[in-house]
Amino acid sequence: VQKADVTTAGFHEPGFTPQELADPALAEIRDLLYRASGTYQSENRFDFLAKRCRRRMKCLDSTSFADYLERLASPAGPDDEIRLLLNELLIGETSFFRNPPQLDAMVKIILPKLLAAKVSADCRRLRIWSAGCSTGEEPYTLAIVFLEKVARAWPQWTLEILATDLNDEALQKCRAGIYDEYALRNAGAEIRARYFRAADAAFAVVEQARELVSFSRLNLNDPAAMAEMHSFDLIFCCNVLIYFEEASKHRAINNFYRALHPGGYFFVSDCESLYHTQHDFRLLHYPAAIAYRKAIPGEFPGDAI
Ligand SMILES: C[S@@+](CC[C@H](N)C(=O)[O-])C[C@H]1O[C@@H](n2cnc3c(N)ncnc32)[C@H](O)[C@@H]1O
């Protein structure tokens, strides 16, 4: 046994020997998942991949990676095995108010100029996409920030936040809108009091914020689904593309570019960048944050903010 991890249930999950991890079927499972989702498990993550496969294999009484590969390769409708394995595999780490400098740049610098430009075009509707929203903390944070910082100063605005993810279990949590103390660790007392209601030992997002957000399952690596996405002013895709490989990342970024209105903004997390990816965005620097902007045809580079 190579090593043991502590599972979410708190018990030690045995690891695999190097020989077991060298099973060619495991590499084929990795490739199949890559083609399905764009996420890529390099060889140093094979122990993790093998453990997550083993969880699903137990449910199916499957005893070898080769046998499990066969089942994965024959998808059968909405409950197909790839989807169930991805639910086990996708990393959903997130929290409310995860990146304050990015939120500050959006509220103090980007939105005033963006909203003013929209008003002069007689439009009072803002559309935001939280792509790879995990369990919902990011889109609900955006809804709360809008209510707190924008709605009062800019009344009569409509905000629509579309939050998407590939993980069915994460989306169920989004729709429930109930969180524990740990998820709220960066939320101050006033925000908690205004936007959450105590629900047993947890906190439920208030209706006023919930009604701004809609959730849907979307695979960022699915060209047909991505082609349907359009007319966004802001897109957040934070801590998602780090799990993608170069080609799938490139495709996703160019789809985000297409899905934005000219003058719209694209955000990644503070540990990511579009460096090494060919794209048409302009990179903008703010205090302790960056954003990417889709230029308006004919504007000067200095017009961007
Ligand atoms: C680490 S979480 C990021 C959550 C949130 N954006 C944040 O920054 O706090 C990454 C999310 O990306 C999702 N994801 C990974 N690959 C995806 C794909 N191909 N399509 C849609 N979502 C994907 C995972 O299911 C997971 O919920």
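The values are calculated or read from the model by the stated rules, or taken from the named source; none is laboratory data. Bear in mind the structure is a predicted one, so any value in this text is a computation, not a measurement. Note: ideal-geometry Cβ built from the backbone for every residue, glycine included; neighbour counts use all protein chains shown. Accessible surface areas use protein heavy atoms only, side chains included; no ligands, DNA or RNA. Shrake-Rupley method; radii C 1.70, N 1.55, O 1.52, S 1.80 Å.
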Could you sort E137, E20 by accessible area so the largest value comes first, with the probe set to 1.4 Å? E20, E137
If you restrict to DSSP beta bridges whose two residues both lie in the chain, what percentage is antiparallel, to the nearest 5? 45 percent
Averaging the inverse of every distinct alpha carbon separation and then flipping it gives the Kirkwood radius. What is it for the chain, in angstrom units? 21.0 Å
For the chain: relative contact order, % (alpha-carbon pairs under 8 angstrom, 6 or more apart): 16 percent
Full-stretch length increase - D270, D67 - with 0.36 nm per residue and alpha-carbon distance subtracted: 69.0 nm
The chain, accessible area per residue, ligands and nucleic acids excluded (1.4 Å, Å²): 49 Å²
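Can you give the relative contact order of region 77-222 as a percent, counting alpha carbon pairs under 8 Å and 6+ residues apart?
29 percent
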Grab the Cα-Cα distance for T158 and T17, subtract it from 0.36 nm times how many residues apart they are, and report the gain in nm with one decimal. 45.2 nm
Taking the chain as a Gaussian network, where each spring joins two C-alpha atoms under 10 Å apart, which residue of S120, S231, S95 fluctuates the most? S120
Filtering GluC sites (Glu not before Pro) in region 49-131 by DSSP loop and by at most 14 other Cβ atoms within 10 Å leaves E93
Once you've got the GNM for the chain with C-alpha springs shorter than 10 Å, pick whichever of F48, F266, F236 has the biggest mean-square fluctuation. F48
Taking every pair of Cα atoms in region 141-271, average 1/r, invert it to obtain the Kirkwood radius, and report Rg/Rh to two decimals. 0.98
Describe numerically, in nm with one decimal, the distance between label points set 7 Å from Cα along Cα→Cβ at E211 and at F300. 4.5 nm
Just to make sure I understand: if all protein chains stay in place, what is the order of H279, H230 by accessible area at 1.4 Å, largest first? H230, H279
Nearest 20 debye, what's the magnitude of the dipole of the chain about its Cα centre given +1 on Lys and Arg Cβ and -1 on Asp and Glu Cβ? 1000 debye
Over the Cα atoms, compute the radius of gyration (one decimal) and Dmax (the largest Cα-Cα distance, rounded to a whole number) for region 208-286, in Å. 13.0, 41
In terms of the charge dipole of the chain, which places +1 on Lys and Arg and -1 on Asp and Glu at the beta carbon, the residue among A66, M106, L184 farthest towards the positive end is M106
Take the Cβ-Cβ distance between A224 and S42 as r, set R0 to 25 Å, and report the resulting FRET efficiency rounded to the nearest 0.05. 0.35
Total charge dipole magnitude, region 242-294, about the Cα centre, Cβ charges on Lys, Arg, Asp, Glu only, Debye to nearest 20: 260 debye
Can you give the Kirkwood hydrodynamic radius of region 50-138 from its Cα pairs, in Å with one decimal? 17.1 Å
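With r as the distance between the Cβ atoms of S120 and A189 and R0 = 25 Å, compute the FRET efficiency 1/(1 + (r/R0)^6) and round to 0.05.
0.05
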Taking a ≥ b ≥ c as the square roots of the Cα gyration tensor eigenvalues, with a/c under 1.5 meaning rounded and otherwise prolate when a/b beats b/c, else oblate, which class fits region 249-299? oblate
What is the Cα radius of gyration of region 75-234 over 2.2 N^0.38 Å, N being its residue count? 1.10
Tell me, what % of the accessible area of the chain is carbon and sulfur with a 1.4 angstrom probe? 54 percent
